[in-house]
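Working notes, structure below.
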Amino acid sequence: MNKKHLWGILVVLAISAFVLYADLKATPISEILRAAHGLNIFALIMVFALMLLSYVCEAGILATLAHRKKEPKRSAWSFLRIPIIQALFNAITPMSTGGQPSQLAAMIQMGMEGGRSTSILLMKFIIYQIVVLFAYVFTIIFGFHMVMTKFAGLAIFIAIGFLIHVSSIIFLLAIMFAYRFTKKATNWLMDLLAKMMKKERVEKWRKATLEKIDTFYAESQKLKKEKKKLFVASLLTVLQLLFFYSVPFMVLTALNVPCSWYQVTQMNIMIIMFMAIIPIPGASGGAEYSFQTLFSTFISSHGALILAMFIWRFSTYFFGMLLGILGWIFETVKSFV
């Protein structure tokens with residue numbers, strides 16, 4: 001972890017502290033304490049348990065994809081530290097750009113060859129994006145009207161986030177199932193850019209993009225052949241997302257707020273789509289605002305809303321950062337071997 005990452009942590013903490021200060025300034029402490037008075041401790045513990053289970057599922061996906069016969073077994077900790085390190089670097093880099101490189105570094109640390117690590121991460125990424133696509137499409141079809149009727153301004157940003165996600169996923173699927181067409185389309189786009197920009201820069205982009213397309217296509221073909229691994233990894237990805245998406249519902253349950261898991265989960269998925277377009281580490285500021293805006297439909301008390309937002313943000317964001325720091329510091333844990 002270098003100075004740039006430490007600055008990322010400081011930026012996140014500063015923005016989050018400012019948001020919390022602004023909320024606390026506008027909300028009497030007595031109102032927040034009143035909301036916390038009847039807190040369901042079991043449900044609160046379950047909030048953090050759901051996050052841990054999502055990390056365990058992700059570690060299981062990596063272990064499944066990395067499994068080979070007659071190969072020495074690696075410790076559970078060596079796989080578990082990969083998703084929590086990713087959570088740390090996703091949190092402190094803009095648009096979560098540090099997550100993938102940090103996972104690769106952690107896998108190399110555990111003794112896995114760099115090329116194979118990249119291959120496994122690409123396969124995991126393909127599976128994750130396909131499962132997420134179904135979640136996003138389902139949510140937009142059946143839940144977007146709730147936001148559109150009450151929060152038209154926020155709905156626009158959610159729609160933009162959805163389009164960005166779907167566009168990237170369609171591009172990945174095009175590589176898998178229309179490889180030649182995708183390469184021709186990429187070359188056509190680069191030729192067009194070369195007419196408007198410096199040719200040297202465009203050629204660098206062309207080379208890098210075509211190399212990534214080739215790599216991605218090769219890995220997708222490998223994945224198609226390993227049907228058992230594909231099935232198990234897909235099932236674990238579904239569970240991972242279900243655990244993660246269910247956290248806000250459990251937060252509201254901890255505050256004894258009557259609500260529907262179905263509706264709350266749809267709202268949470270739309271918050272995640274909105275957060276994806278905020279170019280600040282951890283989407284700080286925007287995440288808190290979107291949570292308060294959308295979940296005000298379930299919580300009438302402003303004090304309870306602020307407390308719910310704090311618990312949600314800490315469990316899904318800062319909790320992962322803390323675990324990630326431990327994962328980065330402790331490369332091996334003998335008791336897990």
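The values are calculated or read from the model by the stated rules, or taken from the named source; none is laboratory data. Quantities reported herein were computed from a predicted structural model and do not represent experimental measurements. Cβ: placed from backbone, ideal geometry, glycine included. Neighbour counts: every protein chain shown. Note: accessible area is taken over every heavy atom of the protein model, side chains too, but ligands, DNA and RNA are not part of it. Shrake-Rupley method; radii C 1.70, N 1.55, O 1.52, S 1.80 Å.
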Point to revise | Every pair of residues 6+ apart whose Cβ atoms lie under 7 Å, when the first sits in the stretch 291-313 and is free of Cβ contacts under 8 Å to residues at least 24 places away in the same chain and under 10 Å from A35 (Cβ atoms) while the second is open to solvent by 10 Å² or more (accessible area, probe 1.4 Å) and in a helix (DSSP H, G or I) | key: L305/Q292
Study note, to complete from the structure: Among helices (runs of 4 or more DSSP H) completely within the stretch 198-259, the ones holding 3 or more residues that are within 29 Å of Y179 (Cβ to Cβ) and open to solvent by 60 Å² or more (accessible area, probe 1.4 Å) are 199-225, 227-245
Check your understanding: Just a yes or no: is a residue in the stretch 44-51 at pLDDT 85 or above, surrounded by 13 or more Cβ atoms within 10 Å (Cβ to Cβ) and under 30 Å from K222 (Cα atoms)?
Key -> no
Practice item. Answer yes or no: is there a residue in the stretch 88-98 that is modelled with pLDDT under 80, touching a His at 6+ places or on another chain (Cβ under 9 Å) and assigned to a helix (DSSP H, G or I). Key: yes
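So which residues in the stretch 207-226 are of a type in the set (D, E) and at pLDDT 80 or above, if there are any at all?
If the condition is that a residue be of a type in the set (D, E) and at pLDDT 80 or above, then E211, D214, E226 are the ones that fit.
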Check your understanding: Are there any pairs, at least 6 apart or on different chains, whose C-beta atoms fall under 7 Å, with the first in the stretch 173-189 and without any contact (Cβ under 8 Å) to a residue 12 or more places away in the chain and the second not in a helix (DSSP H, G or I), and if so, which?
Key -> none
Check your understanding: Of the residues in the stretch 260-277, how many are part of a loop (DSSP other than H, G, I, E, B) and in contact with a His (Cβ under 9 Å, 6 or more places away or on another chain)?
Key -> 1
Check your understanding: Before we move on, is E113 at negative phi, acidic (D, E) and surrounded by 16 or more Cβ atoms within 10 Å (Cβ to Cβ)?
Key -> no
Check your understanding: G114 versus (1) closer than 26 Å to G60 by Cα; (2) in contact (Cβ under 8 Å) with a residue 24 or more places away in the chain: which is the lone unmet condition?
Key -> (2)
Practice item. Evaluate the stretch 124-138: report whether one residue or more is over 23 Å from L235 (Cα atoms), open to solvent by less than 90 Å² (accessible area, probe 1.4 Å), out of contact with any strand residue (DSSP E or B) (no Cβ under 8 Å at 6 or more places or on another chain) and assigned to a helix (DSSP H, G or I). Key: no
Exercise for review: Give me the pairs, please: first residue somewhere in the stretch 251-262 and among the hydroxyl-bearing types (S, T, Y), second residue anywhere and surrounded by 12 or more Cβ atoms within 10 Å (Cβ to Cβ), beta-carbon distance under 7 Å, and either six or more positions apart or on two chains.
Suggested key: T253/N40; T253/A43
Check your understanding: Does T293 satisfy the condition of being at pLDDT below 85, out of contact with any Pro (no Cβ under 7 Å at 6 or more places or on another chain), hydroxyl-bearing (S, T, Y) and open to solvent by 50 Å² or more (accessible area, probe 1.4 Å)?
Key -> no
Exercise for review: Please work out if V56 is crowded, with 16+ Cβ neighbours inside 10 Å and under 16 Å from the mean Cα position of the chain (by Cα).
Suggested key: yes
**Study point:** Among (1) buried (at least 18 other Cβ atoms within 10 Å of the Cβ); (2) closer than 21 Å to N268 by Cβ, the one test that T182 misses
**Key:** (2)
